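All of the numbers you see were taken from the coordinates with simple rules; none came from a lab. Remember, predicted model here, so these are calculated numbers, not experimental data. In this analysis, Cβ positions are derived from the backbone assuming ideal geometry, glycine residues included, and neighbour counts consider all displayed protein chains.
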Amino acid sequence: MDSVSPIDWNAVAADLAPIECLADRASLRAKSRDFFWYSPVLNEKLKGVSAELVVCPANEAELIRTLAYCHERRIPVTPRGGGTGNYGQAMPLRGGIVLDLLKLDRFLWLKDGVARVEAGLKLIDLERHSLPQGWELRFHPSTRRTATIGGFIAGGSGGVGSVQFGGLRARGNVLGLRLVTMEAEPQALELRGEEVMPAVHAYGTNGVIVELEMPLARSWPWREIIVSFPDIGGAAAFGNALCEADGIVRKLVTVCDWQSAQYFRPLLSHLKSGQAIALCVVADPSLEAFETLSTAMGGTIVFQRDAAEADDIPPLYEFTWNHTTLWALKADRSITYLQCLFDGPDYLDKIARAVATFGVETPMHLEFTRLNGRVAAFGLQLVRYRNEARLYEIIHWLEANGCPVADPHTYILEDGGMKTVDEAQLAFKRRTDPLGLLNPGKMKAWSPACS
């Protein structure tokens, strides 16, 4: 990857003082990386990427001063939260400065189920403030214990709770945000409603999010439950039925075949070898109805506990979403994964066709969600990686069979999800980052001609 022209980085750090700056090798390496190595394709492309300096502003004033300084000197800036992304969202392709936002971590207020927080606040710390008042996040990634709210909004899409509330781009899931522009005189913009959308899942390419206003959900006493099924078809049918059971309050419905579940080492003593499983989180008052449904559909409950219990088994959500791949990689570094959508009235048939076509080559992992008011499932299936050509053969088959793929093997914003240029997002970048200095190299639509 390209780097900026020679710069005296010690002088930069001195100029920015007393803002904390890190230039030691260990910090530069740690703050320049995420979980890009989930992908063997990205691992080859990004393993040498590094910033020249990490800058850690403690407040908005220090952040604005940093951005103005970098704009004047044409220094690239890559915003970073907890660094829990999977495809290089916060990796500095053009070198320069990584802007570490972890010090912007204040919980500002909570009123009537709406929280106002700074972007560097970790999700688990947000809920430490909200849960005693009876509120929790509507949904969160499986990295709840390490991810920041700003990083989730800028680089994520959905997670635990999406089975009830959909994803980040669903109307009403982000009420407002405060964003600082990358200009000679950086501006702090307050965006509300539909105005926030160009900054959601934009990798920080069009402004640095400093505050967020998020609607929360009433908290429930939750139970973690694993149900075993003879095969993936039965488990997927149960997942669909559970999501359609309007009277059952659920937060998580994850389905894995045995080829995926075999990697969940802390759970193995509870699982039936060779069987598919559904990992679920349901509210205590729904337990009886849940048990009745699982029995009626041929399932056997093999594990159950209060979600608040602490023991030697991690929270059940840490076996779901992108943590599923992490468990597999702990055992076999040759494994990678995909991200596709099984949608439409025949989505269970699409899942069955994918399983029949690829079998053990792509162990099936499903995350059930709500999408435009309907039940759907994201396929985060594992892949027993052979080579890049075979990987894209699988991707092309899925897309040709009505299963769009959000490619996790690219760091390009548009190629990873939308596959098309978001004109509103591009127009917003022209306004907020006219020189293209924020996280450069990530937006396909941006070119020097755009500035």
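Put a dot 7 Å past the Cα of E399, heading toward its Cβ, do the same for D349, and the two dots end up 2.4 nm apart.
What shape does region 345-423 have by the C-alpha gyration tensor, where a ≥ b ≥ c are the square roots of the eigenvalues, rounded means a/c under 1.5, and otherwise prolate means a/b greater than b/c and oblate the rest? Verdict is oblate for region 345-423.
Here the extension length gained between R265 and E388 equals 41.4 nm, from 0.36 nm per residue of separation less the Cα-Cα distance. Residue by residue, region 19-25 carries 3J(HN,Hα) couplings of 4, 5, 10, 10, 10, 6, 4 Hz when phi is fed to the Karplus relation 6.51 cos²θ - 1.76 cosθ + 1.60 (θ = phi - 60°); x denotes Gly or Pro. For region 29-72 and region 323-372, what is the separation of their Cα centres, given in Å? Here the two parts' Cα centres lie 31 Å apart. So, counting K/R as plus one and D/E as minus one, what does the shell of residues with Cβ under 14 Å around A424 add up to? Combined, the nearby Lys, Arg, Asp and Glu give -1.
What is region 250-358 by shape, rounded, prolate or oblate, if you read a ≥ b ≥ c off the alpha carbon gyration tensor as root eigenvalues and call it rounded for a/c under 1.5, prolate for a/b larger than b/c, and oblate otherwise? Oblate shape, in that a/c is at least 1.5 and b/c is the bigger or equal ratio.
Determine the shape class of the chain: with a ≥ b ≥ c the square roots of the Cα gyration tensor eigenvalues, call it rounded for a/c under 1.5, and otherwise prolate if a/b is greater than b/c, oblate otherwise.
Because a/c hits 1.5 or more and a/b exceeds b/c, the chain counts as prolate.
With K and R counted +1 and D and E -1, the other residues having a Cβ less than 10 Å from that of A188 yield a net charge of -2.
Kirkwood hydrodynamic radius computed over region 7-96 comes to 13.7 Å, based on all pairs of distinct alpha carbons. Report summary: the helix-based calculation at 222 nm, which adds -39500 (n - 2.57) for every DSSP H run with n ≥ 4 and divides by the residues of the chain, gives -8000 deg cm²/dmol.
Please give the contour-minus-distance gain from E361 to W37: 0.36 nm per residue of separation, less the Cα-Cα distance, rounded to one decimal in nm. Here the answer is 114.7 nm. Over all other residues within a Cβ to Cβ distance under 12 Å of V98, the charged ones net out to +2, with Lys and Arg as +1 and Asp and Glu as -1. For I301, the amide hydrogen comes within under 5 Å of the amide hydrogens of S228, counting only partners 5 or more places away or on other chains and with H modelled in the peptide plane. Our coupling estimate for region 154-168, obtained by passing each phi through the Karplus curve with A = 6.51, B = -1.76, C = 1.60 and θ = phi - 60°, is 7, x, x, 8, x, x, 5, x, 5, 5, 10, 10, x, x, 5 Hz, Gly and Pro reported as x.
Close amide H pairs (under 5 Å, H built 1.01 Å from N) link E211 with A119, R178, residues at least 5 positions away or on another chain.
Estimated from the Cβ-Cβ distance and a Förster radius of 30 angstrom, the FRET efficiency linking A310 and A289 is about 0.65.
Note that region 383-396 has calculated 3J(HN,Hα) couplings of 9, 7, 5, 10, 6, 5, 4, 5, 4, 7, 5, 5, 4, 5 Hz, one per residue in order, obtained from phi through the Karplus relation 6.51 cos²θ - 1.76 cosθ + 1.60 (θ = phi - 60°); glycine and proline are x.
Counting only aspartates and glutamates at least 8 places from K103 when in the same chain, those with an alpha carbon closer than 17 Å to its own are E20, E60, E62, E118, D125, E211. Of all aspartates and glutamates in the structure, those lying under 15 Å Cα to Cα from K251, and not within fewer than 8 positions of it along the same chain, are E136, E224, D284, D306, E318, E367. Between amide H atoms placed 1.01 Å from N, distances below 5 Å from S219 occur with W135, E136, all of them 5 or more places distant or on a separate chain.
Expressed in nm to one decimal, what extension gain is obtained for the pair A331 and A58 from 0.36 nm per residue of sequence separation less their Cα-Cα distance?
94.4 nm
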